[in-house]
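Peer 1: The structure is given below, and queries will be raised subsequently.
The values are calculated or read from the model by the stated rules, or taken from the named source; none is laboratory data. This is a predicted model, so every value here is computed, not measured. For neighbour counting, all protein chains shown are included, and Cβ atoms are generated from backbone atoms with ideal geometry for every residue, glycine included.
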Amino acid sequence: MKKSASTLAALLCGLLFNAHAMADYPDRALRMVVPFGAGGGVDALARPLAKELGEILGQSVIVENKPSTNGQIGMTEVARAEPDGYTMVMSSAAYAITPAFYHDLPYSVVKDFAPVTILASNPLVLVASTKFQASTVADMIAMARARSGSVNFAAPGNSGVHYLAAELLGSVAGVKWTSVPYKGAGPAFPDLISGQVDVMFDNPASSLPFVQSGRLKLIATTGQKRLAAAGNAPTIAETLPGFDAANWFVLAVPAGTPQARIQKLYDASVRAMKQPAIVEFMNRNGIAPILDSPPEAARYIRAEADKWRGVVKDNGLSVQ
């Protein structure tokens with residue numbers, strides 16, 4: 001009986017401690033690590049999100065950019081941070097893709113992180129040189145089938161979603177492209193505009209201005225629904241049912257962070273993403289909110305990791 005009473009007392013003390021901790025959380029500024037450079041796609045959403053989260057939580061949320069190859073420095077720093085809810089990382093689809101290319105990462109996205117939510121998804125656009133003969137996905141595939149390797153794909157980076165989207169498209173269509181590597185989309189644009197390369201997957205925000213000015217043409221978008229920001233251009237899935245490749249934005253904390261604090265961050269994120277400034281930003285850039293719960297986000301990340309790991313393996317891509 002005494003043992004039961006002491007166990008109950010300990011349980012009650014724990015509940016009271018957690019309630020007190022939650023009442024005080026957060027009581028100081030929070031860090032949002034962005035493992036990429038300032039001005040990029042993740043950073044562009046992270047800054048207005050941090051501002052809105054700060055107002056909702058009553059404490060500043062400070063964005064810290066930690067750029068490195070595939071975001072490894074920032075990811076490692078957050079993985080090793082105190083799991084107290086005061087340090088989080090905001091990343092992209094690289095969160096699930098990078099482990100498919102690097103087997104010796106100093107962190108595990110499964111063991112070292114707890115996802116708060118998948119904030120949003122950003123379908124890709126398939127853009128082409130105006131000199132490229134094909135104007136539809138079907139025509140492009142037909143060209144590649146007629147002569148293997150005849151279609152040149154600009155590959156911005158050698159391990160990102162834009163590069164893998166082209167590999168996935170080739171696998172689904174049963175054709176081979178010629179991949180032309182670039183350090184990023186920026187360096188690829190001059191060659192794409194001049195016609196030295198034919199096509200490229202990119203984010204809507206950076207490519208659509210070239211389409212609107214007539215310097216590039218838009219062939220299709222990814223995702224399951226047409227994108228209003230892209231003028232309702234056809235989706236690749238309309239030609240190849242089930243095809244899906246998109247960038248997405250994840251908010252995560254170190255594994256071991258109290259569940260109640262993860263839930264508070266999730267609830268605040270849902271509110272923040274519905275604020276007019278963020279809604280307007282997303283609409284302008286073709287970004288769609290997702291706001292998966294923590295368990296849903298974990299399942300989504302596992303599915304994405306499995307998909308891209310399969311693409312890397314099936315296409316014999318270089319793994320380090």
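Peer 1: With the requirement that a residue be among the aliphatic types (A, V, I, L, M) and surrounded by 20 or more Cβ atoms within 10 Å (Cβ to Cβ), what does the range 86-113 give you?
Peer 2: Start the filter on the range 86-113 by keeping residues that are among the aliphatic types (A, V, I, L, M), which leaves 88-90, 93-94, 96-97, 100, 105, 109-110.
Correct list: Met88, Val89, Met90, Ala93, Ala94, Ala96, Ile97, Ala100, Val109.
Peer 1: Now, a different point. Does the range 188-202 hold any residues that are in a loop (DSSP other than H, G, I, E, B) and surrounded by fewer than 18 Cβ atoms within 10 Å (Cβ to Cβ), and which are they? Step through it out loud before you land on a result.
Peer 2: As a first pass, look at the range 188-202 and keep what is in a loop (DSSP other than H, G, I, E, B): 195-198.
Within the range 188-202, Gly195, Gln196 meet the criteria.
Peer 1: Could you go through the range 240-251 and let me know if any residue there is crowded, with 22+ Cβ neighbours inside 10 Å, touching a helix residue (DSSP H, G or I) at 6+ places or on another chain (Cβ under 9 Å) and farther than 28 Å from Arg309 by Cα.
Peer 2: No: the range 240-251 contains no residue that is crowded, with 22+ Cβ neighbours inside 10 Å, touching a helix residue (DSSP H, G or I) at 6+ places or on another chain (Cβ under 9 Å) and farther than 28 Å from Arg309 by Cα.
Peer 1: Still on this model: (1) at pLDDT below 95; (2) small (Gly, Ala, Ser); (3) closer than 27 Å to Leu45 by Cβ: which one isn't true of Ala120, the others all being true?
Peer 2: Looking at each condition in turn, Ala120 falls short on (1).
Peer 1: Moving to a separate point now. Looking at (1) of a type in the set (Gly, Ala, Ser); (2) modelled with pLDDT of 95 or more; (3) surrounded by fewer than 17 Cβ atoms within 10 Å (Cβ to Cβ), can you tell me which one Gly39 breaks?
Peer 2: Result: Gly39 fails condition (2) only.
Peer 1: Shifting gears a bit: Return the only residue of Asp139, Asp112 being touching a helix residue (DSSP H, G or I) at 6+ places or on another chain (Cβ under 7 Å) and among the acidic types (Asp, Glu). Spell out the reasoning first.
Peer 2: Working: Asp139 fails: touching a helix residue (DSSP H, G or I) at 6+ places or on another chain (Cβ under 7 Å).
Answer to the selection: Asp112.
Peer 1: Let me ask something additional. Identify the residue in the range 194-217 that is under 18 Å from Asn283 (Cβ atoms) and not polar (S, T, N, Q) and, among all such residues, is modelled with the lowest pLDDT. Give the derivation first.
Peer 2: Taking the range 194-217 first, the residues under 18 Å from Asn283 (Cβ atoms) are 203-209, 211-212.
Filter again for not polar (S, T, N, Q), leaving 204-205, 208-209, 211.
Details: Pro204: 92, Ala205: 88, Leu208: 93, Pro209: 94, Val211: 96.
Looking at the filtered set, the residue picked out is Ala205.
Peer 1: I want to confirm something. Restricting to the range 223-239 and keeping residues that are modelled with pLDDT under 95 and either closer than 25 Å to Gln196 by Cα or not assigned by the TED database to the domain that holds Asp139 (or both), which single residue is surrounded by the fewest Cβ atoms within 10 Å (Cβ to Cβ)? Lay out the reasoning, then the answer.
Peer 2: In the first step, residues of the range 223-239 are kept if they are modelled with pLDDT under 95; the result is 223-233.
Next, from what is left, pick out any that are either closer than 25 Å to Gln196 by Cα or not assigned by the TED database to the domain that holds Asp139 (or both): 230, 233.
Numbers: Ala230: 23, Ala233: 17.
So the residue we want is Ala233.
Peer 1: Among the candidates Gly256, Gly223, Gly242, Gly286, which residue alone is in a loop (DSSP other than H, G, I, E, B) and more than 30 Å from Ser171 (Cα to Cα)? Can you show your working first?
Peer 2: On the way: Gly223 fails: more than 30 Å from Ser171 (Cα to Cα); Gly242 fails: more than 30 Å from Ser171 (Cα to Cα); Gly286 fails: more than 30 Å from Ser171 (Cα to Cα).
When all the criteria are applied, what remains is Gly256.
Peer 1: Kindly indicate whether any position in the range 168-187 is among the small types (Gly, Ala, Ser) and in a strand (DSSP E or B). Please lay out each step first, then the result.
Peer 2: We begin by selecting, within the range 168-187, every residue among the small types (Gly, Ala, Ser); these are 170-171, 173-174, 179, 184-186.
Cutting the leftovers down to in a strand (DSSP E or B) gives us 179.
Within the range 168-187 (the criterion being among the small types (Gly, Ala, Ser) and in a strand (DSSP E or B)), the answer is yes, since at least one residue qualifies.
Peer 1: Which one of Ala154, Ala166 is closer than 14 Å to Ser129 by Cβ, in the same structural domain as Met143 (by the TED database) and either more than 17 Å from the chain's Cα centre (by Cα) or at pLDDT 90 or above (or both)?
Peer 2: Working: Ala166 fails: closer than 14 Å to Ser129 by Cβ.
When all the criteria are applied, what remains is Ala154.
Residue-by-condition table, conditions (1) part of a helix (DSSP H, G or I); (2) in contact (Cβ under 8 Å) with a residue 12 or more places away in the chain; (3) more than 26 Å from Val180 (Cα to Cα); (4) out of contact with any strand residue (DSSP E or B) (no Cβ under 8 Å at 6 or more places or on another chain):
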| residue | (1), (2), (3), (4) |
| --- | --- |
| Pro295 | yes, no, yes, yes |
| Ala298 | yes, yes, yes, no |
| Val311 | yes, yes, no, yes |
| Gln320 | no, yes, no, yes |
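Peer 1: Let me ask something else about it. Out of all the residues in the range 267-283, which are part of a helix (DSSP H, G or I), within 21 Å of Leu227 (Cα to Cα) and either within 20 Å of the chain's Cα centre (by Cα) or not assigned by the TED database to the domain that holds Ala44 (or both)? First the steps, then the outcome.
Peer 2: From the range 267-283, those part of a helix (DSSP H, G or I) are 267-273, 276-283; that's our starting set.
Narrowing further to those that are within 21 Å of Leu227 (Cα to Cα): 273, 276-283.
Result: Met273, Ile278, Val279, Glu280, Phe281, Met282, Asn283.
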